Amino acid sequence: MLFENIFPALPSGLGATYLMVGGVVCTILLIYSIFVEQEHRSDLIRLLGAAGLFWYADYINNVIFMIAMGGIAVASAVEFIEIYLGLHKHSQEDLKRYKKMWRIKK
């Protein structure tokens, strides 16, 4: 059968197909969120990806996967709210300290 190594149980029905496609899209969103430069956008994309994967984990009844995606979604939401309210800031001294800390000596 076509794709039986990738999807051991192919979706049967339109709803299950949408759920599988949604899981793939949310996985791509979660990976893409790592490469987004602006921190608030990164948090929103990570929140959407994790929330979608939480929904998928609920569909496949995987509790550990649900806990992991729920934790990522909540952490991203908290960080986005902190940025939105102005509580999450990086000072210039922090940035200089980070650069100095990660400088590689030859």
- [ ] Quote the accessible area belonging to Ser76 in square angstrom, nearest 10, computed with a 1.4 Å probe and with ligands, DNA and RNA left uncounted.
- [x] 10 Å²
Open item on the list: Using +1 at the C-beta of Lys and Arg and -1 at the C-beta of Asp and Glu, which of Leu14, Gly70, Tyr32 has the Cα lying farthest in the positive direction of the dipole of the stretch 14-104?
Closed with: Tyr32
Open item on the list: So if I restrict to the alpha-carbon atoms in the stretch 56-97, what is the Rg, and what is Dmax, the biggest pairwise distance, in Å?
Closed with: 15.8, 47
Task: Computed label-point distance, nm, for sites Thr27 and Ser12 using a 7 Å Cα→Cβ extension - done: 2.3 nm
Task: Solvent-accessible ranking of Tyr18, Tyr84, largest area first, probe 1.4 Å - done: Tyr84, Tyr18
Task: Probe 1.4 Å, protein heavy atoms only - accessible area per residue of the stretch 14-104 in square angstrom - done: 75 Å²
Open item on the list: Past the 20 angstrom mark, what percentage of all C-alpha to C-alpha distances in the stretch 14-104 do you count?
Closed with: 47 percent
- [ ] Using the Karplus curve 6.51 cos²θ - 1.76 cosθ + 1.60 with θ = phi - 60°, work out ³J(HN,Hα) for each residue of the stretch 11-16 in order, rounded to whole Hz, and write x for Gly and Pro.
- [x] x, 10, x, 5, x, 5
Task: 3J(HN,Hα) from dihedral phi, the stretch 27-33, Karplus parametrisation 6.51/-1.76/1.60, rounded to Hz, x for glycine, proline - done: 5, 5, 4, 5, 5, 5, 4
Open item on the list: If I stretch the segment between Val78 and Phe35 completely, what's the gain in nm (0.36 nm per residue apart, minus their alpha carbon distance), one decimal?
Closed with: 13.5 nm
Task: Accessible area of Tyr32 in the full protein assembly, 1.4 Å probe (Å², nearest 10) - done: 120 Å²
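The values are calculated or read from the model by the stated rules, or taken from the named source; none is laboratory data. Note that the structure is a prediction, hence the values are computed from the model and not measured. Positions of Cβ are generated from backbone atoms using ideal geometry, with glycine treated the same way; all protein chains shown enter the neighbour counts. For accessibility, only protein heavy atoms count, side chains too; no ligands or nucleic acids. Shrake-Rupley method; radii C 1.70, N 1.55, O 1.52, S 1.80 Å.
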